[in-house]
Amino acid sequence: MSIQSNLTITIQNRKAFKKILDSLSIEQINKIPQGFNNNIIWNAAHVLSIQQMLTYALGNLPFTLPKDQILEFNMGTRPQKEYVDEFIDQIKSQFFSTHDQLVQDISENKFETFNPFMTAIKVEVINIETAIAFNQYHEALHMGYMLNIRRFL
C-alpha cells in the first residue's frame, strides 16, 4: 500500500475520532469506565503523541505539538486530570493540523534521515513510509479502544 493510501486512511480515521468526541459530553469524554485504564480523550490525545514520536522523533525533526503534551499522552501514561472543553477542542483541531503538516513535510522531503525502531509487536519502523503504515495500525487500534469505552459510558 502506498504512503498516500495510508495517509488517506489516516485522515478518514481522524474524522471518525472527531465525530466520536463531538457526540459525547465532557463528562463522558473524561470518564474511565470500570475495568479500563484510560478514557476517550486520553486515547484521542495519545494517537497524536505517538504519531509525533513515530514520524518527527524518529525522523530527527522537531515536534509539531508541544513536547509536554506529547509526554503527557505517551506510552505508559494514564489520564491524570479532567480535561476541559478548550483542551478537547484543541485535540480535535490537532487531528487535522498534525496530519496536514505531516503531508506537507513529506512532500518537502524533510524525512531524509530516520532512526530505525522496533515496535512492541515486532514491526520494524525504518523510514517515513513504514512509520505512516504503523501509525495507521496504531490509530485504528485506539479507535477500537474508544469505541469499546463508549459502550460502557
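A few points about this structure:
- Multiplying the residue separation of GLU86 and ASN148 by 0.36 nm and subtracting their alpha-carbon distance yields 19.9 nm.
- Fraction of the pair-distance distribution of the chain above 25 Å, Cα-Cα pairs, percent: 26
- With both labels modelled 7 Å from their Cα along Cα-to-Cβ, the ASN109 to ILE9 distance reads 2.7 nm.
- In terms of other Cβ atoms within 10 Å, VAL125, VAL84, VAL47 run from fewest to most in the order VAL84, VAL125, VAL47.
- Restricting the GluC sites (Glu not before Pro) of region 92-129 to loop positions (DSSP other than H, G, I, E, B) with no more than 13 neighbouring Cβ atoms within 10 Å leaves GLU108, GLU112.
- Relative to the longest principal axis of the Cα atoms of the chain, helix 40-52 runs at roughly 10 degrees.
- The trypsin sites (Lys or Arg not before Pro) of region 1-83 that DSSP puts in a loop, and whose beta carbon has at most 11 other beta carbons within 10 Å, are LYS81.
- Cα centroid separation - region 1-50 against region 56-108, whole Å: 12
- Value of [θ]222 nm, deg cm²/dmol, for the chain, DSSP H segments ≥ 4, -39500 (n - 2.57) each, nearest 500: -20000 deg cm²/dmol
- Taking the longest Cα principal axis of the chain as reference, the axis of helix 3-23 is set at about 10 degrees.
Computed from the coordinates by the stated procedures, all read-outs in this text should not be read as laboratory data. All figures in this text were calculated on a predicted structure; none of them were measured in a lab. Heads up, the Cβs are rebuilt from the backbone with ideal geometry, glycines too, and the neighbour counts pull from every protein chain shown.
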